[in-house]
Amino acid sequence: MTASYEARAFGIETGMSQWEAKQICPQLISLPCFGPKYEVIMINLMKGLREFVPDEF
């Protein structure tokens, strides 16, 4: 789980389980994660960057 700045203000921390976060902040709104979708986006982004950025800096 990750935490927005608003959630952090209530004591929610990145890496905290959803159960723990709900104990601290019962009004917490939890959104689903779309890991595979973001993985495909990142792979495509890295492919595009490799075309324009040299391997050696």
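Express in whole angstrom the spacing between the alpha-carbon centres of region 33-57 and region 7-27. About 31 Å separates the Cα centre of region 33-57 from the one of region 7-27.
Show me the three semi-axes of the equivalent ellipsoid for region 5-52, from the C-alpha gyration tensor (sqrt of 5 times each eigenvalue), largest first, rounded to whole Å. Before the final figure, lay out each step's value.
Values: eigenvalues 218, 27, 12 Å².
Those come to 33, 12, 8 Å.
Between residue 53 and residue 31, the contour length at 0.36 nm per residue exceeds the alpha carbon distance by 4.5 nm. When only Cα pairs below 8 angstrom with a gap of at least 6 residues are kept, region 1-53 shows a relative contact order of 23 percent.
Principal-axis analysis of the Cα atoms of the chain puts helix 35-52 at an angle of about 30° to the longest axis. Farthest towards the positive end of the charge dipole of the chain, among the residues 28, 52, 14, is the Cα of 28, using unit charges on the Cβ of Lys, Arg, Asp and Glu. The protection proxy used here, the mean number of other Cβ atoms lying within 10 Å of each residue, ranks peptides 34-43, 17-26, 47-56 as follows, highest first: 17-26, 34-43, 47-56.
Values in this text are rule-based calculations from the coordinates and carry no lab data. The structure displayed is predicted, hence computed values, not measured ones. Don't worry about glycine lacking a Cβ; one is built from the backbone with ideal geometry, like all the others, and counts go over all protein chains shown.
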